[in-house]
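Throughout, read-outs are computed from the coordinates displayed, never taken from laboratory work. The structure presented is a predicted model; accordingly, all values stated were derived computationally and were not measured. Every residue, glycine as well, gets a Cβ built from its backbone with ideal geometry; the counts of neighbours run over all protein chains shown.
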Amino acid sequence: MRLYAVGVSHRTAPVELRECIDFARQGMDRALSALAERGLGRELVVLSTCNRTEIYAVTDAEGPESLFGRFMSEYHGLGYDVVSPHLFVHRGADAARHLFRVAAGLDSLVVGEPQILGQVKDAYATANDLKHTGALTNRLFHSAFAVGKRVRAETGLGEGAVSVSYAAVSLAKKIFGDLKGLGVLILGAGEMAKLTGVHLQAQQVKQLAIASRTLAAAETLARHLNGRAVPWASLPDALSAADIVITATGATEPVLTRARIEDVMRPRRSRPLFVIDIAVPRDVEANAGDLDQVFLYNIDDLQGIVKENMARRAGELDRADAIVAEEVERFAAWMHSREIIPTVVALRQRFEAIRQSELARLEPKLSGLPPEARARIDEITHLLVEKLLLTPTEQLKAVSDETMVVTYTDALNRLFSLADDRGKAERGGRRNHEEAPGQKVSS
Amino acid sequence: MVSWLPFLFYLGAAILYFTHFARRDRRAGRLATGLLAGGVLAHTFLIGMQTVEAGHAPLVGTTAAVSAFVWLLGLSYLYVELTTDERAMGVFVSAILAGLAVLPAFSPDLEPRPPLLQSPLFTIHVLTMLFAYASFALAFVLGVTYVLLFKEIKAKQLGFFYARLPSLQTLDVMNGRAITVGWIFLTVGVAVGGIWATQIHASTDPHARAMSVADPKILVALLCWAMYSFALVARRAIGWSGRRAAWLSTIGFVIVLLNFVPVGYFLTRSHNF
């Protein structure tokens, strides 16, 4: 009975291999039931995203590493030797640590990205709906969700744009608040212009105007973006109607001079103008940024912001790791306290067996007593056993350290020769694991 | 002891708002709002007790007026925070609250009400003026934060304030609202004050005799009114929003504060009750 995390991720496997190992393609239900059919896990959750495919399992199968590896390769029609060098395996608390890091976005390609937590939640929900989860996975995944939330709330790991287009949009939001109802003007009809346009359109801006030296090119892009093409000659009008201007032309000389922007700024009064110059060489004269109410950012500025945000995120890693460590410790304590349960059950059964056999041995002497007195004796002996076991049971349940669990189990096994009762105890323990989802066993 | 209670609450709120702002600790933020609400509640209780004790609203003298101002500012800020769900201004507002609440905490004894002030017009005048000042205090905080954020974005040094403040647009709109509300109350307050001054003109009280435009308190109040009227007109007619409006509301509030405390305590001869 142990917790395992086995799989491939962007850290261990190249994209070509990750593309092949994708349980989601044929349906998660199929993958989960295939795993269950092979007896690979009493509890199972499969997480499959474009950057990782991971199986979380509670199993007592021998040598689960190769079993899961073989399953993964066979299921996807690959050779085991192709997959095995790229597999990672984590056991027990390390498996929990891995999942917590994944859920918090610490293991993601872009550190701190928020989507992964949702994907982990979906993976758990799917497994839960199909009744592949149990007490251990329930607790494990709910702890993982809590870790994800805590890292988000208590660190700056997910903060700050880490792509140029997102940095531009968040800047615009900081200036204008909501982008709905704003006018956007795009200069240029090339690939960069198109990309940025798509990004801004997603923000539901009111008006998207596209101007290019060749009107036909502007019209093509306008159709694509559901915007409006503007002839180059009426650029001043388009400029005064815009709140955000994006320049991405291939011109070698500045398209927007300071004088040109100054002209449109006067009638605008205090309405700010956000100019994003993503062209190389630059389309906007740099000193236009000195104008009051003009915010001018070029591609280098935006890349600088992205770089800073990346660095800041990296600076938050320690804090996030501390949260993960704290939660892993808590989870491990709970998990280990569960591991001692079979021993506790065995110990109790041992004592009960002694009581029963003593009662049976004394049966000839007791048979003469009236039924009330016999009931009394039964009750007293039962209470005696309970009293004797009360403190040891409590102490055992409080053991949370893995090595201590082993030490105590060993000691009890020898002191009370529990080994013979072990088989029975295991079955008793197993019943515990089939409790309703989410129910705690140890407390 | 009871007179210290609001101050202690405001101070606690200021410390927690600072923690919230500096470390972006949400729990500290929620706790700060709670403490501020507690402070306003304790303050309400205190003012209520004083009203019952004296038989009239405790508005006589600059200290009592400062206390009422703090109470109104706390109340209006709480309203703004709860309706906009924006806690970033709290650090500035609570600093003003804690700073000013020291004065009434130190001298909690109410001054007796001279017969001259036994008019409902006096109560209306003081309350409307104080509410106007509270609005201007909010506008001031919004203006200062606007300028701080504006400078960061303009200089392409996105940092401390960028991560903490709402958008420039939001700050500007809220600033405009605060000034409009403040101006309306200031106008009513000045008008009521004027009417009341003419009513008591025949009195032999030296205060009443000093009620003229030449008195520093009245002069500066009229200057304030002119200043905020200009800010209001400039925003609508010539588009002075954003940074210019922010500067106007900053200068305006500095005048308000000067008029309120130093002029109120040391210079005026008509308003030194």
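So which residue, out of A:69, A:177, A:148, gets the largest mean-square fluctuation from a GNM of chain A using Cα contacts under 10 Å as springs? Top of the fluctuation ranking is A:177. Enumerate the calculated ³J(HN,Hα) couplings along the stretch B:112-128 in order (Karplus 6.51 cos²θ - 1.76 cosθ + 1.60, θ = phi - 60°), each rounded to whole Hz, writing x wherever the residue is Gly or Pro. Here the 3J(HN,Hα) series is x, 8, x, x, 4, 8, 7, 9, x, 4, 4, 4, 4, 4, 5, 5, 5 Hz. Choose one answer from B:73, B:82, B:223: the residue with the largest mean-square fluctuation in a GNM of chain B with alpha-carbon springs under 10 Å. Looking only at B:73, B:82, B:223, the biggest GNM fluctuation is shown by B:82. When peptides A:287-296, A:314-323 are ranked by their average number of other Cβ atoms within 10 Å per residue, the highest-first order is A:287-296, A:314-323.
Per residue of A:295-301, other chain Cβ atoms within 10 Å of the residue Cβ number 2 on average.
For residue A:245, the residues whose modelled amide H falls within less than 5 Å of its own, excluding neighbours fewer than 5 places apart on the same chain, are A:185, A:274, A:275, A:276. The residues neighbouring residue A:32, those whose beta-carbon lies less than 12 Å from its own, together hold a net charge of -1 under the Lys/Arg +1, Asp/Glu -1 convention.
The alpha-carbon of residue B:151 sits under 23 angstrom from the alpha-carbons of these lysines, leaving out residues fewer than 8 places away in its chain: A:173, A:174, A:307.
When only alpha carbons of the stretch B:189-273 are considered, Rg and Dmax amount to 15.3, 49 Å. Per residue, chain A reaches -18500 deg cm²/dmol at 222 nm when only DSSP H runs of four or more residues are counted, each adding -39500 (n - 2.57).
How big is Rg to Rh over the stretch A:40-151, alpha-carbon atoms, Rh as the Kirkwood inverse-mean-distance radius?
0.96
Using a Gaussian network model of chain A in which every pair of alpha carbons under 10 angstrom is joined by a spring, one finds that among A:106, A:302, A:366 the greatest mean-square fluctuation is at A:366. Between residue A:308 and residue A:16, the FRET efficiency from the beta-carbon distance, with R0 = 45 Å, is close to 0.85.
Counting only DSSP beta bridges with both residues in the protein assembly as shown, the antiparallel share comes to about 45 percent. Extension gain, residue A:319-residue A:403: 0.36 nm per intervening residue step, less the Cα-Cα distance, totals 27.5 nm.
Pull out the extension gain between residue A:33 and residue A:394, defined as 0.36 nm times the separation in residues minus the alpha carbon to alpha carbon distance; nm, one decimal. Kindly include the intermediate steps, with their values, before the conclusion.
On the way: separation 361, 0.36 × 361 = 129.96 nm, distance 3.84 nm.
In short, 126.1 nm is gained.
The spread of Cα positions in the stretch B:116-273, taken along each principal axis and listed from longest to shortest, comes to 63, 30, 23 Å.
Around the amide H of residue A:229, modelled in the peptide plane, lie the amide H atoms of A:210, all under 5 Å away and 5 or more residues distant in sequence or on another chain.
For a label point 7 Å from the Cα of residue B:107 along Cα→C-beta, name the residues of the stretch B:54-97 whose backbone N is under 17 Å from it. Inside the label zone: B:58-70.
Each Cα pair of chain B feeds into the Kirkwood radius, which the Stokes-Einstein equation turns, at 37 °C and 0.692 mPa s, into a diffusion coefficient of 170 µm²/s. Projected over all directions and averaged, the alpha-carbon convex hull of the stretch B:1-99 occupies 6.0 nm².
Give the calculated FRET efficiency between residue A:237 and residue B:234 to the nearest 0.05, with a Förster radius of 25 Å applied to their Cβ-Cβ distance. So the FRET efficiency works out to roughly 0.40. Measuring from a point 7 Å past the Cα of residue B:124 along Cα-to-C-beta, which residues in the stretch B:169-197 have an amide N at less than 15 Å? B:185-197, by backbone N distance to the label point.
Partner aspartates and glutamates whose Cα lies under 14 Å from the Cα of residue B:154, excluding those fewer than 8 positions away in the same chain, are identified as A:290, A:292, A:301. Within 10 Å of the Cβ of each residue in B:164-171, the mean number of Cβ atoms contributed by other protein chains is 4.
For the stretch B:82-182, the calculated P(r) over all alpha carbon pairs, in 5 Å bins from 0 to the bin holding the longest distance, is 2, 11, 16, 18, 16, 12, 9, 7, 5, 3, 2, 0, 0 percent. The H on the amide N of residue B:240, modeled in the peptide plane, is under 5 Å from the matching H of B:235, each at least 5 residues off or on a different chain. Residue A:401 sits among other residues whose Cβ lies under 11 Å from its own Cβ, and their net charge, with Lys and Arg +1 and Asp and Glu -1, is -3. Hydrodynamic analysis of the stretch A:164-307 uses the Kirkwood radius over alpha carbon pairs. Inserted into Stokes-Einstein at 20 °C and 1.002 mPa s, it gives a translational diffusion coefficient of 145 µm²/s. In straight-distance terms, cross-link reach from residue A:131 covers every one of the lysines whose alpha-carbon lies under 19 Å from its own, apart from those fewer than eight places away in the same chain; here that gives A:121, A:440. Taking the Cα atoms of the stretch A:271-384, the ratio Rg/Rh between the radius of gyration and the Kirkwood radius comes to 1.74. With the convex hull of the Cα atoms taken as the outline of the protein assembly as shown, the averaged projected area works out to 47.3 nm².
Can you compute the FRET efficiency between residue B:86 and residue A:26 using 1/(1 + (r/R0)^6), with r the Cβ-Cβ distance and R0 = 51 Å? Round to the nearest 0.05. All intermediate terms of the calculation are to be shown ahead of the outcome.
Details: r = 48 Å, r/R0 = 0.95.
FRET efficiency, residue B:86 to residue A:26: 0.60.
Applying the Karplus relation 6.51 cos²θ - 1.76 cosθ + 1.60 with θ = phi - 60° to the stretch B:192-208 yields 3J(HN,Hα) values of 4, x, x, 4, 5, 4, 5, 4, 8, 4, 6, 4, 8, 4, x, 4, 5 Hz, where x marks Gly and Pro. Peptide B:148-161 has a mean shielding of 4, counted as Cβ atoms of other protein chains within 10 Å of each residue's Cβ.
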